[in-house]
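The structure appears right after this line, and notes come after that.
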Amino acid sequence: MDIIKLRELLEAELSSRELVSLDDEFYRELDSLVKALELGVESSNERGDNVEGRLYNAQLRIAGKIIREIIRIRLHKIVDLAIEGKPYGLTNEEKKIFRILSAFINRENIPAESVPAETGEIKEETREEFRKKPIVREAYLIKIDLPKILDENMNEHGPFRAGDLVTLPRSIGEILRERNAADRITIKP
């Protein structure tokens, strides 16, 4: 597993409505990739090789973003499968999630042993607290035609045409930048 394969998997997940077929070792391979990159950072730092260390750090950041995006997309698809009641294309770890979601959707009792132990306290925000957070907006030059986009508060933005100069929440703008669909613009008075 490497970043190129991760990127290819992300593109495949984005372009398909179905789950991309993965082997049951996929999530272990992801863990191994992250551990290898972390060891590379640590080893480079111990040797005092700043350039190599920065490269490993950059790869670690990129891999982390791609992994989170792949997991986010796959989880959305798993929720859809659980609603439809059709488990296919799932890894062993995803089958556990599917069973829990199906039980929740069908209002069945979920056995305690199938639910992972809590790993820490999570402070839940109310919808009002979430909506009150200020949204940082930035200017972006759109490179390609885009349909309407929903932000984290479920507000619609767009549609946009290539060449449009727009202000968007940073969270959306950064995703568009990463996907080479927009450039951030600095406007000076």
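The values are calculated or read from the model by the stated rules, or taken from the named source; none is laboratory data. Since we're looking at a predicted model, the values are computed, not measured. Positions of Cβ are generated from backbone atoms using ideal geometry, with glycine treated the same way; all protein chains shown enter the neighbour counts.
Numbers for the structure displayed
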item	result
Segments classed as strands (runs of 3 or more DSSP E), wholly inside the range 112-189, with at least 3 members that are polar (S, T, N, Q) and modelled with pLDDT of 85 or more	none
Long-range neighbours under 9 Å by Cβ, at least six apart or interchain, first residue farther than 12 Å from R74 by Cβ within the range 10-26, second buried (at least 17 other Cβ atoms within 10 Å of the Cβ)	R17/K77; D23/T91; D24/T91; E25/T91
Condition met for F98 (under 29 Å from I172 (Cα atoms), touching a Pro at 6+ places or on another chain (Cβ under 7 Å) and surrounded by 14 or more Cβ atoms within 10 Å (Cβ to Cβ))	yes
Unmet requirement for A63, which otherwise passes all of (1) over 30 Å from A103 (Cα atoms); (2) without any contact (Cβ under 8 Å) to a residue 60 or more places away in the chain	(2)
